[in-house]
Each structure stands twice: as C-alpha cells, then as structure tokens.
Amino acid sequence: MPTNLSDEISTTISASAVLKGLRKSKYTIWALFGVVIALFSLYAIVTDGFELFFTRLYDGLTNGFIYSAMAIALVLIYKATGVINFAQGSMAMLGTFVAYVLIVEQGVPTLLGILIAMALSALFGAGIERVLIRPFDPTNHLPITIITLGLFLGINAFAGLIWLYDPRAFPTPFPSGADDYFELFGARLRYDRLGIWIMVGLMFVLLTLLLRKTKAGLAFRSVSSSIESSRLVGINVGRTLQFGWALAAAVGTLAGCLIANTTLLEPNFMNRVLIFSFAAATLGGLDSIGGAVVGGLIVALVETMAGGYIDVIGSELAATTALAVIVVVLVVRPNGLYGSKRIERV
Amino acid sequence: MRRTTVIKASGLIVTLGIIGAACGGSSDSGSKATTTTAKPAGTTAAPGTTAAPAAKYGQDATNKNLYKGPGNFEIDLSKCPSDYNPAQGITATEINLFGSLPKSGPLAGFGLLADGMQSYFNYVNDNGGVGGAKIKFEAKDDKYDPKLTKTNATEAIQAKKYAAGVTILGTPNNLGIWDDMNKECMPELLNGTGAAQWGDVKAHPWTSGMQIDYFTEASLWIEWLKTKFPSGAKIAELTYNNDFGKSYAKGVKNAVKGTGFTVAGSQLHEATAPNVTNQITTLAATGADVLLIETTGVFCTQAMAEIEKGAWKPTVVMSATCGSLGQFFKPLIDQGLTGKGTNIIQTFKDVNDPAYVDDGFVKLFKETATKQGLDPKQSTYATGWIFAWYMNKILQDAAALNGGLNRANIMIAARSLQAKAGNSGADCYLPKGGADCAMPFLLNGLTGNMSGFDDAYLTEGGQMAEYTVTDPKALGSFKKVGELLNLEGKLKNYDTVIAAGNG
Amino acid sequence: MALVTLTERTVAHRVYQVAAWALFTIVVLSIPSYAGLDAEIGRWSDVICYAVAILGLNLVTGYSGQISLGHSAFVGIGAYVTIILVGDHDWSYFTAIVAGAVIAFGVGLLIGLPALRIRGLYLAVVTLSVAVVFPQLVQKFESITGGDNGKKAAAELLPPSWTGLDSRNRNDIAAYKYYLLIGVAGIMFLLVRNLIRSRPGRAIVAIRDNQTSAAVSGVDLRLYKTLTFGVSAAVGAIAGGMFVMREPFIAPSQFGLDLAIFLVVGLVLGGVATLPGAIPGAIILVFARKLTTDHTDIIPWLDGRPGAGAIADVLFGVGLIVFVFVLPGGVIDGFRRLRGLIVRVVPNPAWLPAAAAAAAAASTQAVGSVEPVTVTSTTVPAEGT
C-alpha cells in the first residue's frame, strides 16, 4: 500500500508541473478546465445516457451544497481566529438537536424552531469565544486547536449521553415524500434537494451582504485582514471576533438542520460531513466564503462523477480521488482557488 | 472527525439490530423447520431446573482433568497453565464475569448492550441467581479499539478473579485476544460479532460465538430469492467497506455459484460517507431485479429512503442488523416515507413489534426494564437480555453437569446449548423456571443448538419477512413471506467455511 | 527566586546533572518491577511507543513548524511493513523495523514535496487527507494486510535465557519487551537530539521561524523541508514497528485519524519543540484516557444511567481544555518553571570570555524581543535535557 500512495502523490506532482506552466495565463487554464469538463460530460452522456448523467449531477450538487454549508462556517472561524475549528461539526450537531427538540418534541413550527436554535447557537458560539478562545494569544494556533479538539470530544459525548445514538429524521420545510419531485432533463429532481440548494445559495447571498454592507460585517472583514490596523482605527477587536464565532455557530446550525434531513440526525452525523467540508473550505481558499461554496461543489462533483463514470476509481476510491484533486489544486494554488495570499515580511 | 474514522470500524453494528432482526406477524404452526434433533445433551431444561437432568457430560469419572461434551468435544485441563484454577471467579455467593465493549467514543451506543445484560442479570440475581450465587458482570470500556480490548482482557486474565469473558464486541477485537484467552483456558463466550471464525472449535476450543454469521445470512437470502425468481435474476449489492459488509458479499458470491443469479453491480461505501446517494444511483443504472443492502445503522435507513424516492424499484433484501423497527424504520415515517417492501431475515422477535405484545419474554423484558428505569423501547437493551439469557443458561446448565459449576463445565455447557423456540409464559423465564421452557425471543420454529464439533454455531436459520405498512403515519410490521429456513448444523464448524474457500 | 543557585560547569552542577539523569534512569528501569502485572507493564510499553511517535511528529510540527495531521499513516506504514515482514517473510524484528523506516522515509519525502508550496493549515488539511486515506488503503489490499480483521504475526519476542527471565512467564515477557522498547526509544531520542543540534537541525528551525530569512541566509528550503518530512516519517514508522514488537497484532482502525489527532494532542500537552515533552505527552495520552474511562461514576446523577460510559469522553475533552489553560506551554514548560523555583543554573563567568558572554546575552535578548511569546519560541530547542 505504501507504493500505491506514493504513485498517487507522484502523479500529483507531475500534474502540478504541467499545470504550473499554464498558470501564467489565467484564461488558458479556465478554458482548459472547461474543455475537459465538456468532453467528460459528452463522454458520460454518450456512454450512459442523459438520465443517469443528470441524476448524478443532482446527486453531486446536493452533496456539494451540503459540504459547502458547513465549509462556510469553517471559513468564518478561520477568518476570525485563524484556526480550523474541529468542534464546528459538534457545535452544529448540538444546535441541530436543539432545533429537533423544539420542533419535534415541543411542536414549534419548523422554520421558527431552526431560527431559535440558530440564535441559541450564536450565543453559545459567542460564549465559547469569550471564555475559551480569547484568553489565548491569537497567533499561537496550537493551544486553540487543542481547545477545539477538547470541545469536539466533549460535545459529541455529551450529546450521546443525552440523546443516545439512534438515528432520527429531521423535519424539512420542503415536501419530502416519495412523490415530491419533478423531472428535469429526464432525471428526477426532488423538492427537498432543490430546497437545500436554494437555502445554501440564500445563506451565501445573505452572508455576503452582511459582511459587505453592515457595519459589523465590515469590522469583521477588517479584523480578519489585520488585527493591528483594525485596533488602530478604533474597532473593538474582541467584540468583532466574538461576532465571527457567533455567526459561524449560527451558520453551522442552519447547515446541520439542512443536512440532517438527508443524513439523519445522530450525535456523529456532522463528523461524516466535516472531512469533506474541511476539504471544500481548503480548496476554495480558507478565507473565502464564495470559495467554500465552489470548493464544496467541486469536491462533491468529482466524487460523484469520477466514482460513477471511471471504473478504476469506482465507489471505493471516489473520496480518495476527491482528496487527491485538492492536493493538485493546492500545489498549483497554495492558497486555494479564492484564498488571499498572505505576504510575509522578514 | 475522530469519530468518522472510528465509525468505520463499526462493521459490527450487528448486535444492535439483532433483536430487531425479528418480528413478524403470525406464529403459524405451518412453518416447516428442518430441525436437527441433536442428542439430548446434558440439559434440555430451561435455566436452573430443580430436577437435575441426566448429567451425562462434564467431568470424566477417571481422568479428573478431562471434561467431555457432545459432538466429540473435550476439554483437557492438563493443557492449561500449571496454576490453572477451574473454580476461579466462582464462589458460593458470586460468579464473576467480565466483558469488553465500547462505552465511550463514537460507537458508545453499543455500551447500552452491557446495560441491557446487567438488567437481566439483576433480574436473575433478584430471583435466586445461579444456585444462590449472584452473577457479577463487569463490562469494561474499550472504545472499540482492539488494543484496549487486549489490555482489558490481559488485565482480566491476570486479575485471577473472573470465571469467563462474555460479549466481547467486534471481530478484530476478539481476534486480537482469542489466542491469549485459549492459552489461559479462559472461556470467551457469546462474542458480539457474526464472524464465522467463532466456530473454530479445533484451534480455539475456549471461544464461542452466538449470532448468526453474515455468511450464512447471505446464503439464506439467496435460498429465498430462488423461490421468488426461479429462473434467476440480476443482483445489485450495496456493501459496507469493511469485514462485516464483505462477509455478506462473500456469502452471496458463494451462494450464487451454479444458479441463474448474477451480480450485476456492487458498490462499496465508507463509514465516513455522509450518505449513500451516489452508490444507489449507480446501482439503479444497472437495472438489477434485486438490491441487497449489506450495510448497517443509519446507512440502511438512507438506502431505503433512496429506493423509495427513486424510480428504480427492485426487490430489497436488507441486513438483519437493521431490523429494529424503532431504530431504523421510524425515522422514515418522519420523512413522509415508509420503507415498505423491504425484506429481512428474522431470527429473533422484535420487542417493538405489536405482534409480540403477549409474548412471555417480551412482556417480562418490558416490565422489568421499566421497573429498573430503562427505556423498554430501546431494542439494544433487549439484545442485551438475549446475551445475558444465554449466559445465565450456560451457567445453570454447567451447574448440572458432572463436576458442577466450574470453568471447564461452562465451556462444555456453551458447546452443548439446546434450545427450541416456542411461546411460553413469563414464569418460564424466571431463573428457576419450568423444565420445558423454550428459548426466549427466538423466532418460533427456530432452534439454537450447539454440539461440539458437529455444530459450533448457535442459530443458523431464519425466515424472510417483508415490512408491510397499513398506516403510513405509524410503524408497520413484518409479514412472513418465506418458509422457515434452517441450516442448523449444516455449517458444522469453521473447517467447513475454510474448505469452501471463504475463510 | 530559586532556592539553590548552581553555577554552570562547577562540580555541584555536574553532580546535579548526573543525579538527575541517574534518578530518571532508575525510575525508567524500575517501572516493570513496580508495575508488576503484564497489562500494567504493557501500558508503559505503550507510553514508550507513543513517545517515539510524538518525537517524530515533533520534528515536523515542533521544529519545522509544519502542522501534520497525517502522522498516523507513517506509524501505520511502519507497523504494517514490520508485521508483514516478520509474520509472512520470517524477517527478524529489527531488520523489519528498519525496512519499515526506510519505506516510510520515502513516502514521507513524497508527502513533503507538496509541503514545499503548501503551508500552514492548507498543509494540515492535505496531511489530514493522508490520515483518512491510509486505513482505506489497508482495507483495499486485504490480501497482504489482513484488511479489517487485522493482522497477526506468530513470532513473538521472547526473552533469551541469558536475561534470566522466564520465557513462559507473561510478566517476564512483558518486562523483556519493555526493556527492548526502552533501548530502541533511547536510540531514537539520541539520534533526534543530535540531529536537532546539528547544522541541518538549526537550518530546520530557521525555516520554521522565518522561511524567507532562512533562504536568504543560504538554507536550501527544498532540501530541508522534504528531508524533515522524510526523517519525521521514518521516526514515526519506527514507533509503528515498536507497537508490533509490543503486540504482534494490529488492525487498521488503530492507525486512523484518531491516532493522528491524539499524537498532536500529546505533542502539545507534552510541549512543542522540546524533546523530553514526548514522554509526558505519551503518559497523558495513555493514562488520562484510562483515568477518565475508569472514573465514569464521579458524577452522581449519571451513576447507573445507561450509556454513562460516554462521560469518559466528556471528562477527557474538559480535561484537555483545562490543561491548556493551566499549562499552555505543555508539561515540560511547567516542569521547567517549577524547577526554576528550586534550582537555578547560571552561566559560569570564569569559563566564558567576557565578550562572548555579553554577545550571548545580547542575542538572547534580541530573540526575546522580536518574537511573540509562543510555545514554539519560548522553548529553545537546543536545551533538550
């Protein structure tokens, strides 16, 4: 097995060399990608027909938006604190359970229940930032990473203690019965899936507006690019970072509520998504919300299409392939597709 | 994230659903069972019958180190360590047992099994115990890490206070310790995994399993499919990418040899997969007639949902580990789906199945669990009761053998379990119940026999049942759709599996 | 102020050093006789194996500053190569372990290549992918690796007769393995210590502290960064081989992401960029997990509640957080501060030319003022005790 791994990496490297040469011309590379994708689609449609291609496309997009939703929350934390929050999935899971208790056990209307859970999660996230993160020097990532790992272990086990491990169905505001679909290009597109696409898209638009048009959002962007200069222009840095954590927790809970409908709700459900969301966020560039969405879609589509159409890869190596693609992209663009370059000074 | 990887190990989800693997409407007497009536072993009696049965097996009259059981099974204590104490862990007041299973970590859900076992042992202890001795069960936490299981077992062996290990969960976990357990002559009973290795009587006489193994279960699927598709059909498989899933795949591969059945598509999924949508889409494209769901846990529910939502409508056969109505079918109702039409091999009765509300053991379980403050709807507790019931029976049987209750006789008793199924009153299952009581929870008509080398597997039968729903807003129930299939004794022991090239 | 002040390179200082080392050695060597039972000795053997694995991770994460979440894979490669060679090809343990280290070195170099361009958390995610993929590859090549059910080697390390240990006594076997592992670990610590103090070692640290300035000073970034990954992987693989020596049975689930994460946890808890930190880090990993598992009944309302075992993880998680608050620099940092209250070692002015002493003082000050106070910079790598 080690040799196989090395093969994989070495192909990665040689591919990177090829791509590197092309990198100079931005348009050439996008055109190249476009051609490759078009050829692949043509091949796929010719071999297995329209219906299967579009079914897979919808599968891939749905998983892609699922990964994206969580990746957005990761990006918000990265922008605020410069770490990967390992507890992001656990916090989202907890929030989703809160929503579940409100909606299913207390009879609160679905959307209202999700909103209340988001608000509670935001409080929780702000509290974590204030109590556990702020005491540490923000440039020292390792202790903060260990804190998030501690939260990750603790929160998951805590949820297991309270709710045990049976899967539960999470209500969706969209119709989700067996016949709730319409056909588009010969393939079934289900309303609950379309709902996920729309909700994640909406989330992206609202977040972008929030960060670009509101005072708090502008302060957040300023702090995430430079703490020092933000402090100089009079921004309350602590409060702003707290805002980032609160926002990430709320977004995570919304993501959890959307995801739980297809993956089912149990204390570990977000952890199965988290790896792919890490990959998605990294691919897009850890500090770009738009990148997180694009990254999620690419990871999921590669997984679905490569696993579906390329026999050598199959279901067994689909996820591995998706991860390999990330390595290739990162070698070419070390800060992801849309990440900003950090300039270092001696 | 740490969880995701560990979950992958969860091949064994197995036990969770075992009880659920059953249910089903009628207890019709018409079901044909090819029961092998093995020799009337030491005890056909239910636990702790006052009248001691003809104690034919047990300690040899001349060679005090030799213990004999049915099916040429023998235990020779002279092969054990020099300081071996057959009575270790057994006193007039206490019988000490240990177990090892995940109580924390991602698979902590299995820890409930130990709580279920404790619940039945408490019940036994409150009602006289084993000849007055109380069963003391210590379940250690191993987080499903084979290394920790090994540490737990080594500590238990060295503590020199346990009579036996029981319900150690997981295939790699048991494989990691079975050499040690056998070297130390420590009984390793009722392994919580369905690997065929636990029938390796020759090399590992002190190890014994309990669950129907996945290889056999897959053979039962094909047996049933033959009646539904006499001229053969195309099969698609959704397989968990671990030993658990692959055991099913091997069983299918072996069973379709020389039949009209072909495997048209096979898709693996990782434990880390958020869902199995991609796999189902690819399998649907094969247009197969049959879908075999060789996975467990939340993935079963996901797969059923995908099939119900999609255009592809194959005959669905699913792992018995996903048979629990409350765990795996109920979430579908909340999604506006049902899961109807799914077929499952049943071996045990589901405590949540309305058809069994009057069953003696189901009643007893529910009453006792409620009294002890456990949720009777949690079928993992019921699974724990099955394990504990067998353990109690082994102890009660061993006490009646020549030489009385000791560790060698515990092993002899475990290798000579005899139980038929049938409905019985709750009083049957008092530890000192009547002599003609049947094995609890076991599907009517099935047997749970062991006989040394001749039969090293407890249950090898089941009946195909289809999940049917009348009210889409409520849980349905399983309706029997096939004959009772019983391969009891056919597999004999692990040598047969090796000979079939599927070891 | 310290209770005792020792001047460097005086007799008193020598005595102090020798006594400290002697105490440490005696404690380490006498563990089997105190631990007593095989399982307990085995736990300490685990500590040694984990310590070497953390040592390997420390090279790449602590000294070279590249966060690796994929070290479990290197440990796994070492373990699988060892068990395959020993179990299926009748190699001796020691040659097999070396072979494992060589293979892991190669794989480490390959994984180090992307690290030339990818940095920081981006690199962390790349290495994390390696950790995720490794157990899947073990499954994929079931015929050699034994797949999900794990792999076992029949050959077990038994004490030869000259040791005076009984090769049939479990405790003696465990003690023998413990001493063997101590020997291997001792060699690894020495090698790594020498590496860190050597010219390449200083180059690696220079790259961590500032890549650009290191390059300007003539350090070959490509060479050293990939080499660090390779060497670190080889050390990890040795740890993997040691796990097999300790117990010739392994399963893929042992070498997954949880191991990778726990190694990082052990590294940070012990102390980043400090060699001895690996030991307390490993002790915490092994014993804290056991402690939380054994004391799930400390919260009264949970006692007897079904599924209460999960409290172990809650306790462990809370424990991690509390620990980072109390000792953000790790155990070794705390230990040094504590020791500083009792013993203070001052440079011996007689042995140092005044000018050099002044220069040394100035440079220490300069370093202190330029760098922010972080775990990685407060501990000076060369002072490994």
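Computed from the coordinates by the stated procedures, all read-outs in this text should not be read as laboratory data. Owing to the predicted nature of the structure, the values given are computational and were not obtained by experimental measurement. No Cβ is skipped: glycine too gets one built from the backbone with ideal geometry, and neighbour counts run over all protein chains shown.
Electrostatic tally near A:Ser230: other residues with Cβ closer than 14 Å to its Cβ, Lys and Arg +1, Asp and Glu -1, net +4. The alpha carbon gyration tensor of the stretch B:192-320 gives principal lengths a ≥ b ≥ c with a/c of 1.5 or higher and a/b no greater than b/c, which makes the shape oblate.
Taking the Cβ-Cβ separation of C:Tyr34 and B:Lys160 as r and a Förster radius of 25 Å, what is the calculated FRET efficiency to the nearest 0.05? Don't skip to the end; give the middle numbers.
Values: r = 20 Å, r/R0 = 0.78.
Plugging the Cβ-Cβ distance into 1/(1 + (r/R0)^6) gives 0.80.
Sorting A:Ser90, A:Ser41, C:Ser68 from the fewest to the most surrounding beta carbons within 10 angstrom yields A:Ser41, A:Ser90, C:Ser68. What angle, in degrees between 0 and 90 and rounded to the nearest 10, separates the Cα long axis of helix C:120-140 from the longest principal axis of the Cα atoms of chain C? Approximately 20 degrees, to the nearest ten. Take the alpha carbon gyration tensor of the stretch C:11-121, find the square roots of its eigenvalues, order them as a ≥ b ≥ c, and report rounded if a/c is under 1.5; if not, report prolate when a/b exceeds b/c, else oblate. It comes out oblate by the Cα gyration axes.
Which is the longest stretch in chain C that no exposed loop site breaks, taking sites as GluC sites (Glu not before Pro) with a DSSP loop state and at most 16 other Cβ atoms within 10 Å? Here the longest segment lacking exposed loop sites spans C:157-385. The angle between the Cα long axis of helix C:170-197 and the main principal axis of chain C comes to about 40°, on a 0 to 90 degree scale.
Please compute the net charge surrounding B:Trp198, taking Lys and Arg as +1 and Asp and Glu as -1 over other residues with Cβ under 11 Å from its Cβ. Display every interim value, and only then the final one.
Values: positive: none; negative: B:Glu188, B:Asp200, B:Asp213.
Charge balance in the 11 Å sphere: -3.
Computed from label points 7 Å out along Cα-Cβ, the spacing between B:Val357 and C:Thr25 is 7.8 nm. Between the helical axis of C:11-35 and the longest alpha-carbon principal axis of chain C there is an angle of about 10 degrees.
Model label points for B:Ser82 and B:Asp60, set 7 angstrom from Cα along the Cα-to-Cβ axis, are 2.3 nm apart. Going by neighbour counts of Cβ atoms within 10 Å, the residues B:Trp389, A:Trp197 line up, fewest first, as A:Trp197, B:Trp389.
By the gyration tensor of its Cα atoms, with a ≥ b ≥ c the square roots of the eigenvalues, what is the shape of the protein assembly as shown: rounded for a/c under 1.5, prolate for a/b over b/c, or oblate? Oblate. Rounded to the nearest 500, the 222 nm mean residue ellipticity of chain A from helices alone is -25000 deg cm²/dmol, with -39,500 (n - 2.57) taken per DSSP H run of at least 4 residues. Sequentially through the stretch B:386-403, phi angles give Karplus couplings (6.51, -1.76, 1.60; θ = phi - 60°) of 4, 4, 5, 4, 4, 4, 4, 5, 4, 5, 4, 5, 4, 5, 8, 7, 4, x Hz, Gly and Pro residues having no value and appearing as x. Residues C:His13, B:His204, arranged from fewest to most other Cβ atoms within 10 angstrom of their Cβ, appear as C:His13, B:His204. Where only DSSP H runs of four or more residues are counted, chain C gives -22500 deg cm²/dmol as its mean residue ellipticity at 222 nm, each run worth -39500 (n - 2.57).
From most to least packed by mean Cβ count within 10 Å, the peptides C:269-281, A:98-110 give C:269-281, A:98-110.
Model label points for C:Ser213 and B:Asp126, set 7 angstrom from Cα along the Cα-to-Cβ axis, are 7.3 nm apart.
Amide H to amide H distances under 5 Å link B:Val263 with B:Ile235, where only residues 5 or more positions off or on other chains count and H is placed in the peptide plane.
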